[in-house]
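As structure tokens, the structure follows; a few thoughts come after it.
We did not get these values from a lab; they are worked out from the coordinates using the rules stated. If you're wondering where the values come from, they're calculated on a predicted model, not measured in any experiment.
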Amino acid sequence: MNDTMSKEPDITSDVESPGLPPKRRRWRVVLLGIIILVCGVAIGAGGTVVIMRHTVLHAIQHPEEAPQRIADRVRKKLGISDEKAVRIEEILSERQKKIQALRRQVQPQIDDELNQAREEVAALLNPEQAAKWRERFDKLRMWFPALPMESNSGKTKKN
């Protein structure tokens, strides 16, 4: 009788169905899935930042390409004719030249104000902090390059 009792399964043991992994393994799988998801989000966000930074810097450094890009986008999105797209590009190019002329007039004042702000803040800091501040400030200003050359009857002018 003792032999039959020892052959019977112990119903108090922790038996799980064969198709499901044990609880510990299930948590590992869930944790691994979360880690993969977070890594995917981080890689996607990092890639987006790199691409957007490149795109924005290119647009800032090459404003002469903006009228054509805008006209092409308007043509595609609004379904306008090529003739209208060409006219839009002409209008935007002309307005862009006028805006750049205005910027050339006020840019020295803007530069003076930015330099004054840079130095006034630096004056409040200790030398090490001031050096870091100036470095960060200058990196930020690199995002806004000088205006492109302007030609006036064969002469070029740079600001």
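Under the Karplus relation 6.51 cos²θ - 1.76 cosθ + 1.60, θ = phi - 60°, what is the ordered set of whole-Hz ³J(HN,Hα) values for region 78-95, x standing for Gly and Pro?
9, x, 8, 6, 5, 4, 5, 5, 5, 5, 4, 4, 4, 4, 5, 5, 5, 5
If you stretched the chain out fully between residue 106 and residue 48, how much longer would it get, using 0.36 nm times the residue separation minus the C-alpha to C-alpha distance?
17.5 nm
To the nearest whole percent, what portion of all C-alpha pairs in region 95-139 is separated by more than 18 angstrom?
Tail fraction, whole percent: 44.
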